[in-house]
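Q: There's a structure below that I have some questions on.
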């Protein structure tokens, strides 16, 4: 009987079941050495032959005799995927002798990122059942396979296998994918895909423990998403429009940090997104004051550079919930920082009747802040006017100097004319002749 990739797993199981592993004598058949010799050439198998052997192993999962061969097949599958020269099954030669594959299994780190972006094999492994896929994924992780590619495959597998599946099967597949995602580097997982997975888990009414696992993955990545993903409908039976408790849990997980550094840029992105969320939920008439207050106080004061959007959300909420007591209004509005409001918003606040008087700035504070804001906003104008004034003063000094010189010249010209007239008059008087044509005139100085 010829041993082939399509029957080697079956023969390996038969060796165990029929007790043909030991050589008890010359008349006792022993298949194990033949199987071992055949598996020495596994590196020459084509891609299709590897998949065929893996399918047969999956069908024999209840037996224990084939586990050894399964490890070898899965190892070689990962080696083939991690090989930088293999980008599609067409590059694998069907001639076993022509395909030479060598890899040092001890140098796992050298495989990292070799298959980055290579997703051609995703659809080839959709036949794997949960238990078999679990072994394949864990082997990939142990070989330092690119985590971003693994996470993309898990989402692809989840979306593909859930189509047409029953409710129970969807729950089982989703739970399986969540547990495997927890094994990956969080930076390699798409936050948007996690939100979509969370929506599916909520719609399937999965256990609270499964939902908590997904939220533990989403929370640290909250700065990478948009406000649209936070607008999750509230659970069935609740009157409020959006699930604000879900958002609060994500914020708390985000601030718990974990392995991510909580930088100012990440904090600002989350604060900006949170302000947009507040504007969306503020008009909800069923949103309780304690819930809205929890949303506006969940972020520290240093997270927001401006409180303008926060004021807009408060204004909308107070106008929709006009029946709130003064104590409730003060409790909500006391978070507002007047120093982080623009001059326009501050003027609007002083005239806003929806806000209690306790949270409005005093008149002198308002005027002082306006002056401070104007000086800050028009600092460039101040520099401009300073330069204009300096030029004006310089021109004025030049003009005064010219006028002074002109005045001195006029006085000098007058003195000379007076002297000249006196001299001429004396000579004429002495000679008795009136001379006009020889009179000397000084040229006028231009002012």
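Q: Assess whether residue 42 counts as being buried (at least 17 other Cβ atoms within 10 Å of the Cβ) and either at pLDDT 85 or above or on the phi > 0 side of the Ramachandran plot (or both).
A: Criteria met by residue 42.
Q: OK, next. Would you be able to say whether some residue in region 191-199 is touching a strand residue (DSSP E or B) at 6+ places or on another chain (Cβ under 7 Å) and more than 22 Å from residue 299 (Cβ to Cβ)?
A: Looking for residues that are touching a strand residue (DSSP E or B) at 6+ places or on another chain (Cβ under 7 Å) and more than 22 Å from residue 299 (Cβ to Cβ), one finds none in region 191-199, hence no.
Q: Enumerate the helices (runs of 4 or more DSSP H) found wholly within region 143-252, keeping only those where 2 or more residues are within 21 Å of residue 294 (Cα to Cα).
A: 208-218
Q: For region 294-303, which positions are in a helix (DSSP H, G or I), touching a residue at least 40 places away in the same chain (Cβ under 8 Å) and surrounded by 17 or more Cβ atoms within 10 Å (Cβ to Cβ)?
A: If the condition is that a residue be in a helix (DSSP H, G or I), touching a residue at least 40 places away in the same chain (Cβ under 8 Å) and surrounded by 17 or more Cβ atoms within 10 Å (Cβ to Cβ), then 295 is the only one that fits.
Q: Moving on. Are any residues in region 304-335 more than 28 Å from residue 268 (Cα to Cα) and assigned to a loop (DSSP other than H, G, I, E, B), and if so, which ones?
A: Within region 304-335, 321, 322, 323, 324, 325 meet the criteria.
The values are calculated or read from the model by the stated rules, or taken from the named source; none is laboratory data. Small disclaimer: the values here were computed from a predicted structure and weren't measured. Virtual Cβ from ideal backbone geometry, glycine too; neighbours counted across all protein chains shown.
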